[in-house]
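Visitor: I'd like to ask you about the structure that follows.
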Amino acid sequence: MKDNIATKIICQGFKNGGVEYVSNFPGFHSHNIFSGLGGEQISINERVAYETAYGASLAGKRSLVAMKNVGLNVAADPFLHSIIAGVNAGLVVVITDDTKAVASQERQDSRHFFDFYGGLWFEPNSLESAYQIAKDSFKLSEELDVPVVIRLTNQFFELEGDITLDSTVSPGNNLGIANNPEKFVVYPTFWLNQYKNLSDKNGRIRELASKFSKNKAEDQKNEKGLIVFGSCWQELGQDDYNDWDKLLVETYPIPKEEIEEFIKNKKEIKVIEQGDNYGFRIIQRLLSQTDGVIVKSETGQIQDMEGKWTIWSHLENLFLAIKNSDPSFVVGDVGQYTVESTNTIGACLCLGSSVGTGMGLAMAGVEYPFCVVGDTSFLHSGTQALAEAKARNIKMGIIVIDNGGSMATGGQSTASSIYEFTSGIDTYEVDYKTATQDQLETLLKQMKDTGKLSILFVKV
């Protein structure tokens with residue numbers, strides 16, 4: 001996915017805000033932000049990326065971690081606990097929500113994570129706003145003592161235009177290494193005080209959200225009101241809403257008092273957002289005591305999700321070889337080959353899940369299942385399941401498609417080698433460029449005949 005003006009502008013905001021450390025596991029636009037901030041080597045997965053950014057914050061460095069929406073699932077454990085513990089130096093979490101599923105296996109709205117512990121989330125509505133939010137985010141994180149989350153959707157990365165940037169750089173924080181176990185050790189001993197502190201912080205955050213300048217509504221004069229989240233306003237058919245009052249929302253928590261004021265004397269409210277009606281449902285609850293108001297939602301994304309994946313036909317010989325080896329079951333993984341031309345893959349759950357799923361099949365009595373996984377997915381979380389499969393002496397075959405990096409997102413280098421985890425496991429290696437389909441079939445049948453846990457590395 002190519003870099004664009006929106007990425008460049010928000011990266012400049014982070015730079016002028018004093019970012020000192022950046023981490024990432026690549027995905028929908030997040031890797032461009034990582035690269036734009038000077039990042040080179042990606043983390044093994046999103047959890048590790050988050051943990052390293054949090055560690056840098058504890059060391060007194062303003063830190064940023066970027067990941068796509070489904071990546072937050074992987075990072076959820078340290079992410080949620082860091083909201084409870086708070087930060088030392090400013091910590092910014094950039095979540096790139098692929099709301100149209102153009103580069104993801106499904107659409108997932110990251111805003112639901114806000115419901116766990118609150119905090120402060122932004123969703124900029126313009127390039128100007130994105131720059132200012134990015135620049136201020138580290139300072140806000142330090143002042144409010146929470147990680148600041150910035151949600152960026154498909155429409156944000158489509159924004160264009162020329163803007164004049166404030167070139168001033170935020171002053172540093174002069175923070176040293178954190179030394180406060182009662183604050184940073186999330187454990188029952190300190191839990192009650194930490195939770196009370198979190199409640200106090202969320203109170204201050206709600207006040208900030210209500211006062212945030214970009215949430216202001218225009219002069220109200222109409223009976224119909226348009227509530228727009230994030231950058232949706234930029235591509236909306238604005239001429240169609242000349243007779244509507246408008247309220248632009250950029251913060252979570254959403255500005256409750258301002259919305260309540262906005263909906264007064266309205267007969268119809270329409271909510272425009274990217275995602276799965278998260279904002280709409282909140283506003284519905286606010287309107288539950290208001291009689292006679294029609295509330296509608298407009299996300300317009302479901303129809304955009306069809307037919308986005310490309311079949312990697314150049315791997316057809318490999319999948320034909322797998323099919324001809326008469327496998328009991330083939331588990332796939334998330335990657336550029338997920339939708340393959342031979343319909344050999346029988347199931348695919350999420351990134352790096354194929355090895356663990358295959359292990360479950362084998363333990364449930366399925367005879368020698370095959371798992372197909374890319375090298376980046378294998379490092380992401382497949383190696384964890386591999387360690388358990390080895391300990392359990394699971395009988396299955398793992399086929400690792402090795403293209404030398406995260407090629408779907410620009411070929412970023414990884415922090416480890418896929419060959420470091422194979423000690424004591426039967427391994428095979430083949431160059432796909434020179435191997436025939438018959439040779440591949442022979443190797444796969446050999447793996448089955450041994451009846452051992454084995455790995456085939458296919459160099460492509």
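Visitor: For Ile5, Ile95, what ranking results if the residue with the fewest other Cβ atoms within 10 Å of its Cβ goes first?
Guide: Values: Ile5 15, Ile95 25.
Fewest to most other Cβ atoms nearby, the residues stand as Ile5, Ile95.
Visitor: Can you tally the net charge around Val372? Count Lys and Arg as +1, Asp and Glu as -1, for every other residue whose Cβ sits under 10 Å from the Cβ of Val372.
Guide: Within the 10 Å Cβ shell, the charges total -2.
Visitor: How tilted is helix 71-85 with respect to the longest principal axis of the chain? Cα atoms for both, answer in degrees (0 to 90, nearest 10).
Guide: The angle comes out near 50 degrees.
Visitor: Further question on the same structure: How much space per residue, in cubic angstrom, does the convex hull of the C-alpha atoms of the range 1-49 take up?
Guide: 71
Visitor: As I understand it, the value is the acute angle between the Cα axis of helix 127-144 and the longest principal axis of the Cα atoms of the chain; what does it come to in degrees, rounded to 10?
Guide: 90
Visitor: Taking the Cα atoms of the range 5-213, what is the range of coordinates along each of the three principal axes, in descending order and whole Å?
Guide: Cα spread of the range 5-213 along its principal axes, largest to smallest: 50, 40, 36 Å.
Visitor: Rank the residues Asp243, Asp166 as a footprinting-exposure proxy: fewest other Cβ atoms within 10 Å of their Cβ go first. Mind dumping the intermediate values first?
Guide: Working: Asp243 9, Asp166 12.
Ordered from fewest to most neighbouring Cβ atoms within 10 Å, Asp243, Asp166 come out as Asp243, Asp166.
Visitor: Round to the nearest 10 and give me the degree value, 0 to 90, for the angle of helix 5-16's Cα axis relative to the longest principal axis of the chain.
Guide: Around 70 degrees separate the two axes.
Visitor: Quick one: of the DSSP bridges fully inside the chain, what percent are antiparallel, nearest 5? Before the final figure, lay out the partial values.
Guide: Details: 4 of 59 bridges.
Just about 5 percent of them are antiparallel.
Visitor: A further question on this structure: Could you sort 116-125, 430-439 so that the peptide with the highest average Cβ count within 10 Å comes first and the rest follow in order?
Guide: So the peptides 116-125, 430-439, ranked by packing, come out 116-125, 430-439.
Visitor: How far, in nm, would the chain grow between Gln437 and Glu207 when pulled straight, counting 0.36 nm per residue and subtracting the alpha carbon separation?
Guide: 76.3 nm
Visitor: Only counting other Cβ atoms within 10 Å, I'd like Met67, Met363, Met396 sorted with the fewest neighbours first.
Guide: In increasing order of surrounding Cβ atoms, one gets Met363, Met396, Met67.
Visitor: Non-local amide H neighbours of Leu456 (under 5 Å, H modeled in plane, Pro and chain starts lacking H): which ones?
Guide: Sorted by chain and number, the residues that satisfy this are Ile398, Ile399, Val400, Tyr428.
Visitor: Now a separate question. With a Cα-only, solvent-free Debye model of the range 119-263, what are the log10 I(q)/I(0) values at q = 0.10, 0.13, 0.16 Å⁻¹?
Guide: Taking Cα atoms of the range 119-263 as identical point scatterers yields -0.46, -0.72, -0.97.
Visitor: Quick one: which of 27-40, 192-205 comes out on top by average Cβ neighbours within 10 Å, and what's the full order, highest first? Working shown, then result.
Guide: Numbers: 27-40: 22.0, 192-205: 14.5.
In descending order of packing, they fall as 27-40, 192-205.
Visitor: Let me ask something additional. Straight-line reach only, C-alpha to C-alpha below 12 angstrom: list the aspartates and glutamates that Lys296 could link to, leaving out same-chain residues fewer than 8 apart.
Guide: Glu268, Glu273
Visitor: On average, how much area does the Cα convex hull of the chain cover when viewed from any direction, in nm²?
Guide: Projected over every direction and averaged, the Cα hull of the chain covers 24.6 nm².
Visitor: With runs of 4+ DSSP H residues as the only contributors, calculate the mean residue ellipticity of the chain at 222 nm using -39,500 (n - 2.57) per run, divided by the residue total and rounded to the nearest 500. Mind showing how you got there, number by number?
Guide: Working: 15 runs with 160 residues, N = 460.
So the helix-based figure for the chain works out to -10500 deg cm²/dmol.
Visitor: Work out from phi, with θ = phi - 60° and the Karplus expression 6.51 cos²θ - 1.76 cosθ + 1.60, the ³J(HN,Hα) of each residue of the range 377-393, listed in order in whole Hz, and give x for Gly and Pro.
Guide: For the range 377-393, the Karplus curve yields 5, 4, 5, 3, 7, x, 5, 5, 5, 4, 4, 6, 4, 5, 5, 8, 6 Hz.
Visitor: Starting from the Kirkwood Rh over alpha-carbon pairs, what translational D in µm² s⁻¹ does the range 101-205 have by Stokes-Einstein at 37 °C and 0.692 mPa s?
Guide: The estimated diffusion coefficient comes to 196 µm²/s.
Visitor: Right, next: Rg/Rh for the range 313-459: what does it come to with C-alpha atoms and Rh from Kirkwood?
Guide: 0.92
No lab work stands behind these numbers, since they all come straight from the coordinates. Values in this document were obtained by computation on a predicted structure and should not be read as measured data. In this analysis, Cβ positions are derived from the backbone assuming ideal geometry, glycine residues included, and neighbour counts consider all displayed protein chains.
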